[in-house]
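Data block below; observations after.
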Amino acid sequence: EPEVTQTPSHQVTQMGQEVILRCVPISNHLYFYWYRQILGQKVEFLVSFYNNEISEKSEIFDDQFSVERPDGSNFTLKIRSTKLEDSAMYFCASSTGLAGGPYGELFFGEGSRLTVL
Amino acid sequence: TQLLEQSPQFLSIQEGENLTVYCNSSSVFSSLQWYRQEPGEGPVLLVTVVTGGEVKKLKRLTFQFGDARKDSSLHITAAQPGDTGLYLCAGDGGKLIFGQGTELSVKP
């Protein structure tokens, strides 16, 4: 069964360092997303990506964050200068159709846990 | 900003009991989805409800979308330990806003 894969599963970094989280969405999916979940808190939307550009982003997704689909298979989230409050589980997701719509089932990866020290 | 409020936040019950989880908003949603998340994993979709008043059943789980499309409920009949997990409602086309979740624990 096709699945969304994420690497690394856990990354520990020093505050101020750059981090790149990688995702391989399901191959025939068209919409890609990043969410994060701070320990004990809700799943928060960061950004959605369609047709090689950001379609929507939340207020969390500030200039420190960027996304890229460099080669048609990977979908990356970069955090330029990590802060302590960036520590969270970051989930990548993909869908065939628009999220919430008839073909908008989001398939989530298992997450990348980021710990900023 | 559309918000989804879930209640209760925590629920601990005995095997065999019934339960209902609620998802409420002051906003109208074109659809709502229910996901289940287990520790260390990403959420997994259970159902999408689209039409106001719609009821969908998934074995012992019954999902209802409110007539005004502002709320939804999840009812579990005869809960089993395998139902333990975090139940999340999510809505809003395009980006999916999640509720804070209901942590369900079913004890044998």
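A few points about this structure:
- Looking only at the stretch A:19-63, residues that are part of a loop (DSSP other than H, G, I, E, B), open to solvent by less than 50 Å² (accessible area, probe 1.4 Å) and of a type in the set (S, T, N, Q) come to 1 in all.
- Subset of the stretch B:1-29 (residues that are outside any strand (DSSP E or B), of a type outside the set (S, T, N, Q) and open to solvent by less than 40 Å² (accessible area, probe 1.4 Å)): B:L4, B:F29
- For the stretch A:75-98, the tally of residues that are open to solvent by less than 10 Å² (accessible area, probe 1.4 Å), outside any loop (DSSP other than H, G, I, E, B) and either of a type in the set (S, T, N, Q) or away from every other protein chain (no Cβ under 14 Å) (or both) stands at 6.
- Within the stretch B:13-45, the set of residues being within 14 Å of chain A (Cβ to nearest Cβ) and small (G, A, S) comprises B:S25, B:S27, B:S30, B:S31, B:G40, B:G42.
- Boolean, B:R60 is open to solvent by 30 Å² or more (accessible area, probe 1.4 Å) and within 13 Å of chain A (Cβ to nearest Cβ): no
- Selection from the stretch A:8-50 of residues that are free of Cβ contacts under 8 Å to residues at least 12 places away in the same chain and on the phi > 0 side of the Ramachandran plot: A:G40
The values are calculated or read from the model by the stated rules, or taken from the named source; none is laboratory data. If you're wondering where the values come from, they're calculated on a predicted model, not measured in any experiment. Backbone-built Cβ (ideal geometry, glycine too); neighbour counts: all protein chains shown. These accessible areas exclude ligands, DNA and RNA; they are computed on the full protein's heavy atoms, side chains included. Shrake-Rupley method; radii C 1.70, N 1.55, O 1.52, S 1.80 Å.
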